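A.B. asks: Here you go, one structure.
The values are calculated or read from the model by the stated rules, or taken from the named source; none is laboratory data. Treat the numbers as computed from the prediction; the structure is a model and nothing was measured. Please note: Cβ atoms are built from the backbone with ideal geometry, for glycine as well, and neighbour counts cover all protein chains shown. Protein only, heavy atoms only, side chains kept; ligands, DNA and RNA dropped before computing areas. Shrake-Rupley method; radii C 1.70, N 1.55, O 1.52, S 1.80 Å.
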Amino acid sequence: MIFTDKSTKKLVPYVTGGIVDGWADYVCAFADNGADAIEIGLPFSDPMLDGPTIQEASDRALANGTTLDGILRDLSKISVEVPLIVMTYANLAVRAGFCDRLAEAGIRGLIVPDAPLDEVGPIRDAANAAGLDLIPLAAPSTTADRRREITASAQGFVYAVTVLGTTGERDALDPAANALASSLRALTDLPVLLGFGVSTPEHAAAAVRDADGVVVASALMRRLMDGAGPDALGAVVGNIRKAI
Amino acid sequence: MTAPTLPGYPALPDISGHFGRFGGRFVPEALIGALDELDAAYRSAKQDPAFQEEFGGLLRDYAGTPSLLYSARRLSEKLGARILLKREDLNHTGAHKVRNVLGQALLAKRMGKKRVIAETGAGQHGVASATAAALLDLECVVYMGEVDTERQALNVARMRMLGATVVPVTNGSRTLKDALNEALRDWVASVQTTHYLLGTAAGPAPFPEIVRDFVGGIGIEARAQCLSQTGALPDAVAACVGGGSNAIGIFHAFVPDTDVRLYGFEAGGDGVETGRHAASITGGSAGVLHGARTYILQDEDGQTVESHSISAGLDYPGVGPEHSWLHDTGRASYTPVTDREAMDAFQLLCRTEGIIPAIESAHALAGAVKIIPVLRDELGREPVVLVNLSGRGDKDVHTAGAYFGILDQNETIVPEENL
């Protein structure tokens, strides 16, 4: 299991695999600055749930010739204590042997944002057979019945999406986010993490009033693409850590 | 005209929105509620005589359907077959697309949504969406790849005249697939007020079924017209396939008629063997794109591969899931037609019948040209081939004019600075 307890607030920063040469150094920097797990994006050509920042990151990574093999090879050269989770789209995740390859590389969890409850069964089976947690998403529009089904089959943690919208930085945290987190927490013993638009330490602090943690992606990737190195980005992660 | 009964054929999609192993709804959780709402609205509309009457009335009095079935005498003589052209090019807005948008715009109103968004490749669906939005007083935003806004500038102007906002999409390959991504992103954020007026029989369930049913009149009409004009069903039905809405629209009524051969012609671009094509079934493999499992063009890692076609409307690296299923079951055959073959057929129709087809529809005609000798051998007589002339070529004069080199440099069709 990715997370086994809810006693501390969880911080899961994100990096797009292959975004720059030496991208795995960011993974180490995140781990050194208080990350509880690290989400690694496997870039996909058609990232329909991603806003401009992660789209740009995916496009850059693919333009660099990034492949699944290359990302897993880069990860094999580093050693971090915290669990690594892969986020990618269904077309990559449904391919034969995909979950086995992740597991062999030491990945512990998988997030597939375009494989909802109705379609995720075969992916979850493959993930579980390989020993990976399949982490589901829930949205503010998810009905009560579906929230129950999603939490009942969740593994690792429940990823609660703060807004109806794509990934990307936002000025403020939608109040609906905390309500969603509270409602999901009542249904499961697994941690509930809020993500999408958690952009600042203040957002993170507000989120964890009702959630068990946060996922931070676009705010980090924008800085990375603006030139922030592993130390600088590690410091950003450290500041969010302090805030929660 | 009443719908033919469809005895003994499984009703698809199944309740979970699948056509065999294809289809489904691979979308973010945030969209599930909207798809459920759409599904419920569609089921109730389908049973509602008032909705059917309003839709039927618009199709008849506004869109100009049933479209003609025209027996193309000179073309038939030239090809040694009896060619029947289903004249969807004569519909209001110039293509079959108007059927789908009128149905979906009425559904949007039924759901109380005041805004519609659409993606467009050739611009035909965008124009049709803008038209339906103007008619039914809906706000309309159309996403169009930047490359397509350049090669289909006339349609950009038409959409704007009709009051729609056209958003050029500048990421990815800047064509139809990227316009679809952008429309989906808009929808994820606007789903409570907005209906996504998807333009082809693809995407997540229930779109493939809804679009098929709204354009299904093409086949229902053509089947009855063919029986009344020739006394029999055609030997073959030919249609072009990009996303595949015009094809499923004409095929569907004929699916139970197992003696009628169904041919889908994909955009072969420079030739499937060159890798520069848009033939998702012939040259692709099963995958997940834009909300459904279907045949797509992808590399060994599962990244979508850019498609290539002279026809903007067929330039898409996926296909509707029902076509994937018809292909797997063998009920329909899918083969590629190259740019050159399509443009030869384009010219042939212009010169023999005085009809300028959309380049998309020219692919269907080019395919028919190729299968006629085979059918003649098989049947031992001149075959009767029904071709879906899905759209007219006004929008393509720029592309075709350049292709054939029929204009001097100073005989500009569209002022470049206005593109």
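A.B. asks: Out of the residues in the stretch B:282-323 that are more than 25 Å from B:E150 (Cβ to Cβ), within 14 Å of chain A (Cβ to nearest Cβ) and of a type in the set (S, T, Y), which is surrounded by the fewest Cβ atoms within 10 Å (Cβ to Cβ)?
C.D. replies: B:S285
A.B. asks: Among the residues of the stretch A:208-230, what is the count of those that are of a type in the set (D, E) and open to solvent by less than 10 Å² (accessible area, probe 1.4 Å)?
C.D. replies: So the count comes out to 1.
A.B. asks: Show me the strands (runs of 3 or more DSSP E) found entirely inside the stretch B:61-150 where at least 3 residues are among the charged types (D, E, K, R) and over 20 Å from B:G203 (Cβ atoms).
C.D. replies: Counting at least 3 such residues, we get B:82-87.
A.B. asks: B:T274 versus (1) touching a residue at least 12 places away in the same chain (Cβ under 8 Å); (2) away from chain A (no Cβ under 14 Å); (3) among the hydroxyl-bearing types (S, T, Y): which is the lone unmet condition?
C.D. replies: If we test B:T274 against (1) touching a residue at least 12 places away in the same chain (Cβ under 8 Å); (2) away from chain A (no Cβ under 14 Å); (3) among the hydroxyl-bearing types (S, T, Y), just (1) comes out false.
A.B. asks: Further question on the same structure: Which of the residues spanning the stretch A:117-136 are within 11 Å of chain B (Cβ to nearest Cβ) and in contact (Cβ under 8 Å) with a residue 12 or more places away in the chain?
C.D. replies: Within the stretch A:117-136, A:L117, A:E119, A:V120, A:P122, A:I123, A:P136 qualify.
A.B. asks: In the stretch A:165-180, which residue that is crowded, with 24+ Cβ neighbours inside 10 Å and in contact with an Asp or Glu (Cβ under 7 Å, 6 or more places away or on another chain) is farthest from A:A219 (Cα to Cα)?
C.D. replies: Here the answer is A:T166.
A.B. asks: Separate question: So how many residues does the stretch A:60-72 have that are open to solvent by less than 30 Å² (accessible area, probe 1.4 Å) and at the interface with chain B (Cβ under 7 Å from one of its Cβ atoms)?
C.D. replies: 1
A.B. asks: Test B:R115 against the criterion of being open to solvent by 10 Å² or more (accessible area, probe 1.4 Å) and in contact with an Asp or Glu (Cβ under 8 Å, 6 or more places away or on another chain), and give yes or no.
C.D. replies: It is true that B:R115 is open to solvent by 10 Å² or more (accessible area, probe 1.4 Å) and in contact with an Asp or Glu (Cβ under 8 Å, 6 or more places away or on another chain).
A.B. asks: Separate question: Within the group A:A57, A:A29, A:A103, which residue is of a type in the set (G, A, S), in contact with a strand residue (DSSP E or B) (Cβ under 8 Å, 6 or more places away or on another chain) and open to solvent by less than 40 Å² (accessible area, probe 1.4 Å)?
C.D. replies: After applying the criteria, what remains is A:A57.
Here is a yes/no grid of residues against (1) surrounded by fewer than 21 Cβ atoms within 10 Å (Cβ to Cβ); (2) hydroxyl-bearing (S, T, Y):
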| residue | (1), (2) |
| --- | --- |
| B:D328 | yes, no |
| B:P357 | no, no |
| B:S361 | no, yes |
| B:V369 | no, no |
| B:E378 | yes, no |
| B:V384 | no, no |
| B:K395 | no, no |
| B:I406 | yes, no |
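A.B. asks: Considering only residues that are surrounded by fewer than 20 Cβ atoms within 10 Å (Cβ to Cβ) and closer than 18 Å to B:I310 by Cα, look in the stretch B:148-172 and name the one that is farthest from the other protein chains (Cβ to nearest Cβ).
C.D. replies: B:L154
A.B. asks: Return the residues of the stretch B:172-194 that are hydroxyl-bearing (S, T, Y) and assigned to a helix (DSSP H, G or I); say none if nothing qualifies.
C.D. replies: Of everything in the stretch B:172-194, just one residue is hydroxyl-bearing (S, T, Y) and assigned to a helix (DSSP H, G or I), namely B:S190.
For (1) open to solvent by less than 40 Å² (accessible area, probe 1.4 Å); (2) more than 18 Å from A:I111 (Cα to Cα), each residue gets a yes or a no:
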residue	(1), (2)
A:L132	yes, no
A:E149	no, no
A:S153	yes, no
A:L194	yes, no
A:A206	yes, yes
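A.B. asks: If the requirement is being more than 14 Å from chain B (Cβ to nearest Cβ), touching a strand residue (DSSP E or B) at 6+ places or on another chain (Cβ under 9 Å) and more than 22 Å from B:V191 (Cβ to Cβ), which of these qualifies: A:A204, A:A186, A:A217?
C.D. replies: Testing whether each residue is more than 14 Å from chain B (Cβ to nearest Cβ), touching a strand residue (DSSP E or B) at 6+ places or on another chain (Cβ under 9 Å) and more than 22 Å from B:V191 (Cβ to Cβ) leaves just A:A204.
A.B. asks: Out of A:T142, A:T162, I need the residue that is within 12 Å of another protein chain (Cβ to nearest Cβ), over 22 Å from A:L11 (Cβ atoms) and buried (at least 20 other Cβ atoms within 10 Å of the Cβ). Which one?
C.D. replies: Sole residue among the options that is within 12 Å of another protein chain (Cβ to nearest Cβ), over 22 Å from A:L11 (Cβ atoms) and buried (at least 20 other Cβ atoms within 10 Å of the Cβ): A:T142.
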